[in-house]
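Below is one structure, written out as structure tokens; comments come after it.
The values are calculated or read from the model by the stated rules, or taken from the named source; none is laboratory data. Nothing here was measured: the structure is a model prediction, and the numbers come from that model. Virtual Cβ from ideal backbone geometry, glycine too; neighbours counted across all protein chains shown. For the accessible areas, the whole protein counts, side chains as well, though only heavy atoms, and no ligand, DNA or RNA atoms are used. Shrake-Rupley method; radii C 1.70, N 1.55, O 1.52, S 1.80 Å.
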Amino acid sequence: NVENDIPKIDLPQDWVIGKLTAGDIGLLNLYANYPCRLKAGIFVLCLGGEVEASINLTQFKVEPGSFITILPGSIFQIHKVDGDLQIYFMGFSSDFLSKANASKSVIDMHYIVKENPIYQPKEKALPLLKDYFELLIKTYDICGSQLNRNVINHLFGGILMGVSSMYKDQMTKAEQISKNFTQLVMQNYTMQRSVAWYAKRLGITQAHLSSIIKQTTGKTCIEIITSMVIMDAKAQLKSTNLSIHDIAYTLNFTNMSFFGKYFKRYVGMSPQEYRNS
């Protein structure tokens, strides 16, 4: 299985941040011989030099003034590095992302950067981004991996909001509808699982919404709604002492039996078996 042969790269601690210069080209070339799958989430600001790289098998040229978002699960490979390199990077480990329950935000980001991971900020924004990275590098030098995880959670949430705001300016109308649908699902999945309800809220037909979501995400509306419900159910089963009956109630299931059948259909085991696993 070729997929299983791709090396998987993660971070050994919750977050890292740093800067690469011309002397670090050898480090980048470690990723030039073969593709790897990133388990971590990475944000990069390029202010000098050029990098030719592939993200999910699509080749990009990263030039000065570029901001790059590489989501967890992405297949990444560097092909060529040139010039006077000046690159800031920040990464969050898969362990941190899973324990931070950041899945909703990551899903939202997925729709924004899926096809266009490289964003060109306005020139006047570049010094601000540079100062932001420099500030976080100083913070990291002082606190490092000892920074309280709650603080890192807030840091990560703020970064996602800022990056989402930057990228949304270059979104197509279909991508904007897809993003709005996802946000509506995040806000209402415990009460509403009807695609028709979401289409009405967005002011479009159910068929049009279904077509756009399939086109932009590769998933159906029901799959996205279900993923939210199951993610919430899993989190409650593992991190709370609520009874399964109460969890079913919080997710607006009419009875525990229906919730159990729903959960088993998508997870392959009953809620109690999942809690005990």
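Here is the figure for region 129-170: residues that are crowded, with 16+ Cβ neighbours inside 10 Å, at pLDDT below 80 and under 14 Å from the mean Cα position of the chain (by Cα) total 4. One residue stands out in region 75-127 among those that are among the hydroxyl-bearing types (Ser, Thr, Tyr) and open to solvent by 20 Å² or more (accessible area, probe 1.4 Å): the one that is modelled with the lowest pLDDT, namely Ser103. Among the residues of region 206-257, the ones that are free of Cβ contacts under 8 Å to residues at least 40 places away in the same chain, assigned to a loop (DSSP other than H, G, I, E, B) and more than 26 Å from the chain's Cα centre (by Cα) come to 6 in all. Sub-6 Å Cβ pairs linking a first residue in region 174-195 that is over 19 Å from Ser211 (Cβ atoms) to a second residue that is open to solvent by 50 Å² or more (accessible area, probe 1.4 Å), at least 6 apart or interchain, are Met186/Lys104; Thr190/Asn252; Met191/Asn252, ordered by first then second residue. Can you tell me how many residues within region 56-72 are among the hydrophobic types (A, V, I, L, M, F, W, C) and within 14 Å of the chain's Cα centre (by Cα)? Number satisfying all stated conditions: 3. Picking from residues in region 184-205 that are out of contact with any helix residue (DSSP H, G or I) (no Cβ under 7 Å at 6 or more places or on another chain) and assigned to a helix (DSSP H, G or I), the one that is farthest from Ile225 (Cα to Cα) is Lys200. Among the residues making up region 35-74, a single one is within 21 Å of Leu128 (Cβ to Cβ), in a loop (DSSP other than H, G, I, E, B) and either touching a residue at least 24 places away in the same chain (Cβ under 8 Å) or among the aromatic types (Phe, Trp, Tyr) (or both): Gly65.
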